[in-house]
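Heads up: the structure comes next, in structure tokens.
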């Protein structure tokens, strides 16, 4: 027992401090919530599509669901079917085997649909680019409204990308906002 206590004292605190952008996060999240309700009049339903990523971006997207970011409390929820979605959040370079599935998902999403490409791979093809197994960036297959660069982008940048997409929807359709 004494050796364990010595080891704990020697190692110190091994966790990271809480993010220092709490005020910025609260302001961005509040703006997102207000804009979503003003534009859509309801919660924003997102269908996340992994088109061939390394899962780094998915980890950051999953972080949006934790209590710190409280995405559901802000009027944003993830749905299992593109038929219920307002937005597609696409990660990764589009693998050739996922090209048809991504196109069908886009086609099944009701209009007006928003598409956000997340991560360097989704925005530009990343280190994979275009090749025998990769179609490259998401915009090569479906229209993209907003690109969120980063490898992987932090959750706050993904939230900002979602807000930009919702604001662009309002600009396209002034009757909504």
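Extending each Cα 7 Å along its Cβ direction at residue 101 and residue 10, get the distance between those two points in nm, one decimal. Calculated label separation equals 4.8 nm.
Residues 68, 106, ranked from the fewest to the most other C-beta atoms within 10 Å, line up as 68, 106. The modelled label-to-label distance between residue 84 and residue 66, using points 7 Å beyond Cα along the C-beta direction, is 2.6 nm.
Going through [x] 18.7, 69; [y] 18.0, 54; [z] 15.6, 46, the figure that equals Rg and Dmax of the Cα atoms in Å as computed for the structure here is [x]. Between the Cα long axis of helix 2-11 and the first principal axis of the chain there is an angle of about 50°, rounded to the nearest 10.
Where a number appears in this text, it was derived from the coordinates with a stated rule and is not lab data. It should be emphasised that the depicted structure is a prediction, and the values quoted were computed from it without experimental measurement. So basically every Cβ, Gly included, is an ideal-geometry build from the backbone, and we count neighbours across all protein chains shown.
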